[in-house]
Amino acid sequence: MVDEKTLREALDRTLESTELAGLGALRRGKVRDSYVGRERRVIVTTDRLSAFDRVLTTLPFKGQVLNRCAAFWFDKTRDVVPNHVLSVPDPSAMVVTECALIPVEMVVRGYMTGTTTTSIWYRYEKGDRLYCGHELPDGLRKHQRLERPLITPTTKAEGGAHDALASREELIAMGACDARTFDAMAEHALTLFRIGQEHCARNGLLLVDTKYEFGRAKDGTIVVIDEVHTPDSSRFWVAGTYEQRLAEGGDPDALDKEYVRRWYAARGFRGDGEAPAIPDEVRVEAARRYIDAFERITGTSFVPDREDPAARLARNLAPFAG
Ligand SMILES: Nc1ncnc2c1ncn2[C@@H]1O[C@H](COP(=O)(O)OP(=O)(O)OP(=O)(O)O)[C@@H](O)[C@H]1O
Ligand SMILES: [Mg+2]
């Protein structure tokens, strides 16, 4: 495990954004800088942290953790579900097949939990018993495991708008995708989630929920894009302390963005108005949890690359320019 001193020293050297020449048109998402060419996209995962649909801060080594974590899962599942990876030439970057995005976020939930206003627990606690087309019985408890994983999609909103919950039928009716496409994505999502849960269980982790994005490659194949089972797109709980935390009426040990979301939510911030300033020790602890998740998932220790990322990225991505 990376020591605290290394994380502290990295706090003011995080990769906030990139400006790489010759790789294609730059498109900045909340977390990733994409360089879009005709057939391929270079995706640089920066250290930016977004929560509640807003970029709030950066975390040391977060981009490397995410990129390498996604690369691990893409490689592990490539024979089961086609994905967009072409190569991973840098700790923070991948080269992928440019796809036509299908504007649906395929969320899969294995537990009754969540902090955001669209989460299953937030809605259930407010009294909703119909969630993305699923009927939920009374009497469910916070953080409890669902009988089976549920597909609870949202729309993928353009530029800054919040994603909205939707059922399969609603998404088809609004033209986000057709029924066949939805069902193919749902099948892929459940397959990936099962593999993820089984792998995590062998490593003392619970894969709680996650979000997948899909796109269509030139030949029409539906492929999983963006990222898979990272601490940004998923919740991971420590399995060994789960039962006890629940018995004590507490929250599970979360090795993901939930730690940061809870910090903000405890200060009354859920995405609207001005965000409270996040202290260094919270950024360090968040980074530690991301790294902890990476190490448990991959079964390897995380060795951060400490070279200046701008120079490193320029060198490693040079073969993809032009
Ligand atoms: N293979 C691919 N083809 C096309 N688009 C992709 C591919 N992989 C990822 N993307 C898109 O690249 C972007 C990655 O950036 P990032 O994750 O920072 O975006 P975001 O802030 O989550 O979403 P957005 O800015 O699109 O609302 C996402 O919009 C994602 O849908
Ligand atoms: Mg994203």
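Overview of results
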{"quantity": "Residue in segment 40-49 that is open to solvent by 20 Å² or more (accessible area, probe 1.4 Å) and farther than 26 Å from Ala266 by Cα present", "calculated": "yes"}
{"quantity": "Pairs, first more than 12 Å from Phe236 (Cα to Cα) in segment 250-276, second basic (Lys, Arg) and in a loop (DSSP other than H, G, I, E, B), C-beta under 8 Å, six or more apart", "calculated": "Tyr264/Arg270; Pro276/Arg267"}
{"quantity": "Given (1) over 30 Å from Thr57 (Cβ atoms); (2) of a type in the set (Gly, Ala, Ser); (3) buried (at least 16 other Cβ atoms within 10 Å of the Cβ), number of the condition Ala201 does not satisfy", "calculated": "(3)"}
{"quantity": "Among (1) more than 16 Å from ligand 2 (Cβ to nearest atom); (2) outside any loop (DSSP other than H, G, I, E, B); (3) crowded, with 20+ Cβ neighbours inside 10 Å - the single one Gly114 does not satisfy", "calculated": "(2)"}
{"quantity": "Criterion (under 29 Å from Val42 (Cα atoms), polar (S, T, N, Q) and within 16 Å of ligand 2 (Cβ to nearest atom)) met by exactly one of Thr210, Thr221", "calculated": "Thr210"}
{"quantity": "Failed item, numbered, when Gly322 is tested on (1) at pLDDT below 95; (2) crowded, with 17+ Cβ neighbours inside 10 Å; (3) in contact with a Gly (Cβ under 7 Å, 6 or more places away or on another chain)", "calculated": "(2)"}
{"quantity": "Which listed residue, of Phe72, Phe52, Phe61, is in contact (Cβ under 8 Å) with a residue 60 or more places away in the chain, closer than 23 Å to Arg262 by Cα, more than 15 Å from ligand 2 (Cβ to nearest atom) and not charged (D, E, K, R)", "calculated": "Phe61"}
{"quantity": "Meets criteria (basic (Lys, Arg) and either more than 16 Å from ligand 2 (Cβ to nearest atom) or in contact with an Asp or Glu (Cβ under 8 Å, 6 or more places away or on another chain) (or both)) for Arg235", "calculated": "yes"}
{"quantity": "Number of the exception - Met1 against (1) outside any helix (DSSP H, G or I); (2) within 13 Å of ligand 1 (Cβ to nearest atom); (3) touching a Lys or Arg at 6+ places or on another chain (Cβ under 9 Å)", "calculated": "(2)"}
{"quantity": "Meets criteria (among the hydrophobic types (A, V, I, L, M, F, W, C) and out of contact with any helix residue (DSSP H, G or I) (no Cβ under 9 Å at 6 or more places or on another chain)) for Val238", "calculated": "no"}
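The values are calculated or read from the model by the stated rules, or taken from the named source; none is laboratory data. Here the structure is a predicted model, which is why all the values come from computation and not from measurement. Backbone-built Cβ (ideal geometry, glycine too); neighbour counts: all protein chains shown. We work out accessible area using only protein heavy atoms, side chains counted, and drop any ligands, DNA or RNA first. Shrake-Rupley method; radii C 1.70, N 1.55, O 1.52, S 1.80 Å.
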